[in-house]
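A short write-up of the structure that comes next.
The values are calculated or read from the model by the stated rules, or taken from the named source; none is laboratory data. This is a predicted model, so every value here is computed, not measured. Heads up, the Cβs are rebuilt from the backbone with ideal geometry, glycines too, and the neighbour counts pull from every protein chain shown.
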Ligand code: GLY
């Protein structure tokens with residue numbers, strides 16, 4: 001089911017979420033939302049834990065499975081993100097991502113480990129698992145970021161098999177868009193939901209990753225926040241980590257994920273830090289925030305989490321204590 005439709009339907013029915021063989025019920029907390037609110041689940045909990053942007057229970061389940069099988073947090077976030085990259089129905093990440101205005105699917109991704117090492121790819125074409133190429137950049141090159149054709153050739157030389165990422169569904173959507181070819185960021189739909197994932201193990205060690213096809217129908221060559229360390233993702237293993245989703249340009253202008261981690265370093269909880277980072281965006285002079293979405297999720301060294309967005313219907317998926325659930329995020333624009 002498309003994420004947009006899931007959100008709409010879930011809000012009407014208060015559905016339970018099927019997670020593998022188990023059924024996770026969503027706690028009704030107020031009249032408007034069938035989901036548990038972020039503020040209800042901020043207590044310190046047992047570790048390990050995996051959190052991710054949006055409704056991606058298969059991805060968080062995979063990450064937890066990796067941890068339970070003895071994998072480390074870096075393996076977990078990479079494998080979790082790969083689930084969504086391979087999911088052709090998700091039109092904002094990996095294969096099946098919506099293309100730029102010229103019909104090219106171009107991917108951005110990055111990954112960061114507990115030692116502060118990081119790797120990224122930008123404007124990557126024809127390779128589904130951008131997050132794994134980012135990890136290769138981190139581990140097998142002296143660089144942090146590879147772009148475009150160089151990134152693709154690096155991937156191929158490391159055994160990644162090129163394939164056409166434009167599915168029939170995404171091609172059809174692009175053909176429809178071309179009729180009017182109007183560009184306007186749209187809030188909370190498939191053209192704006194980067195998958196970002198953070199994992200923390202029993203020792204409190206943290207890693208993170210994010211992956212996206214970026215803004216649908218973007219200009220050729222456009223790169224968003226997701227592969228930019230400090231904007232789309234930041235991990236400081238002494239403090240915590242943050243990952244962003246939404247309109248990348250606004251995240252980059254405030255170096256959003258680094259800001260959230262630095263606010264936690266100054267003593268704010270993950271929730272307070274996410275709220276402050278969103279407030280910085282909406283309080284900018286002449287901010288056009290009513291017309292775009294940005295959301296952050298964060299975790300600190302103690303395993304406390306936070307999530308906050310400009311607009312309603314941003315959510316976080318959290319897998320902890322055997323429960324894999326979607327948690328509705330609090331948000332700024334309540335009028
Ligand atoms: N946050 C994803 C992008 O703007 O490309």
Open item on the list: Residues that are surrounded by fewer than 23 Cβ atoms within 10 Å (Cβ to Cβ): list the strands (runs of 3 or more DSSP E) wholly contained in region 289-335 that include at least 1 such residues.
Closed with: 315-320, 323-328
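Quick grid of which residues meet (1) modelled with pLDDT of 95 or more; (2) more than 14 Å from the ligand (Cβ to nearest atom); (3) closer than 19 Å to residue 101 by Cα:
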| position | (1), (2), (3) |
| --- | --- |
| 159 | yes, yes, no |
| 167 | yes, yes, yes |
| 173 | no, yes, yes |
| 196 | yes, no, no |
| 199 | yes, yes, no |
| 205 | yes, yes, no |
| 216 | no, no, yes |
| 233 | yes, no, no |
Open item on the list: Suppose the filter is touching a residue at least 40 places away in the same chain (Cβ under 8 Å) and part of a helix (DSSP H, G or I); does residue 88 pass it?
Closed with: no
TODO: Could you tell me whether residue 77 is under 25 Å from residue 161 (Cα atoms), surrounded by 20 or more Cβ atoms within 10 Å (Cβ to Cβ) and within 14 Å of the chain's Cα centre (by Cα)?
DONE: yes
- [ ] Take the residues in region 235-254 that are touching a strand residue (DSSP E or B) at 6+ places or on another chain (Cβ under 8 Å) and part of a loop (DSSP other than H, G, I, E, B), then tell me which one is nearest to the ligand (Cβ to nearest atom).
- [x] 247
